[in-house]
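First the structure, in the form of structure tokens, and then the observations on it.
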Amino acid sequence: MERTLSIIKPDAVAKNIIGKIVDRFESNNLRIAAMKKIKLTKEDAGKFYEVHKERPFFNDLCEYMSSGAVVVMVLEGNNAVAKNRELMGTTNPKEAAPGTIRADFAESIEANAVHGSDSLENARKEIAFFFAEREIL
Ligand code: GDP
């Protein structure tokens with residue numbers, strides 16, 4: 001059993017498709033162990049995406065992630081980290097496999113509907129960034 005962090009990004013929240021995305025997880029044996037809707041500040045987004053701070057798109061990414069509400073979730077299940085990445089599809093929605101969340105719902109390489117932790121170690125750090133242990137059930 002693993003836990004991973006998922007974020008429904010501002011483009012998808014603005015499109016009113018939170019439920020459609022949550023359904024992808026629940027239909028594929030991932031359980032919502034924690035969930036909240038929040039609005040990040042640009043500073044929060046910068047801390048969360050600190051690993052990308054040298055990338056040319058870092059400032060745009062932080063602006064975008066703080067442009068509207070997001071839904072942060074802890075997903076739990078067998079191989080949750082890899083399973084979530086598989087359900088999400090590739091970063092660039094134009095290259096994402098048909099039927100993945102990004103292929104079906106993303107707007108662009110930046111506004112790409114969802115975030116998912118890319119390793120178990122990052123999942124632990126990212127979950128702790130947003131949730132106290134007592135909020136994860
Ligand atoms: P992910 O793990 O698939 O989310 O991809 P990365 O960790 O490489 O990038 C983090 C996020 O930065 C992506 O989900 C996009 O929102 C954004 N991003 C990645 N590459 C680009 C890019 O080339 N241009 C822009 N504008 N944003 C990008």
For this session: Sort out which residues of the stretch 75-86 are away from the ligand (no atom under 12 Å from the Cβ) and buried (at least 17 other Cβ atoms within 10 Å of the Cβ), and write them in order of number.
Result: LEU75, GLU76, GLY77, ALA80, LYS83
Exercise. So, of the residues in the stretch 51-74 that are touching a helix residue (DSSP H, G or I) at 6+ places or on another chain (Cβ under 6 Å) and assigned to a helix (DSSP H, G or I), which turns out to be surrounded by the fewest Cβ atoms within 10 Å (Cβ to Cβ)?
Worked result: HIS52
Seminar exercise, completed: Among (1) at pLDDT 95 or above; (2) under 18 Å from ILE136 (Cβ atoms), MET1 falls short only on (1)
For this session: Answer yes if at least one residue in the stretch 89-97 is in contact (Cβ under 8 Å) with a residue 24 or more places away in the chain and open to solvent by less than 30 Å² (accessible area, probe 1.4 Å), and no otherwise.
Result: no
Exercise. Within the stretch 109-135, can you find the residues that are in contact with a helix residue (DSSP H, G or I) (Cβ under 7 Å, 6 or more places away or on another chain), touching a residue at least 60 places away in the same chain (Cβ under 8 Å) and assigned to a loop (DSSP other than H, G, I, E, B)?
Worked result: ALA111, ASN112, ALA113, SER117
Seminar exercise, completed: Taking the stretch 1-44 and keeping only residues that are surrounded by 19 or more Cβ atoms within 10 Å (Cβ to Cβ), of a type in the set (Gly, Ala, Ser) and farther than 21 Å from GLY99 by Cβ, one is left with ALA34
Problem set entry | Among residues of the stretch 98-110, those that are surrounded by fewer than 19 Cβ atoms within 10 Å (Cβ to Cβ) and within 15 Å of the ligand (Cβ to nearest atom), counted | 5
Exercise. Can we say ASN29 is at pLDDT 95 or above and at positive phi?
Worked result: yes
Seminar exercise, completed: Taking the stretch 1-21 and keeping residues assigned to a helix (DSSP H, G or I) and free of Cβ contacts under 8 Å to residues at least 24 places away in the same chain leaves GLY19
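The values are calculated or read from the model by the stated rules, or taken from the named source; none is laboratory data. Since the structure is predicted, the reported quantities are computational estimates derived from the model, not experimental observations. Using ideal geometry, Cβ is built from the backbone for each residue, glycine included, and neighbour counts are taken over all protein chains shown. Protein only, heavy atoms only, side chains kept; ligands, DNA and RNA dropped before computing areas. Shrake-Rupley method; radii C 1.70, N 1.55, O 1.52, S 1.80 Å.
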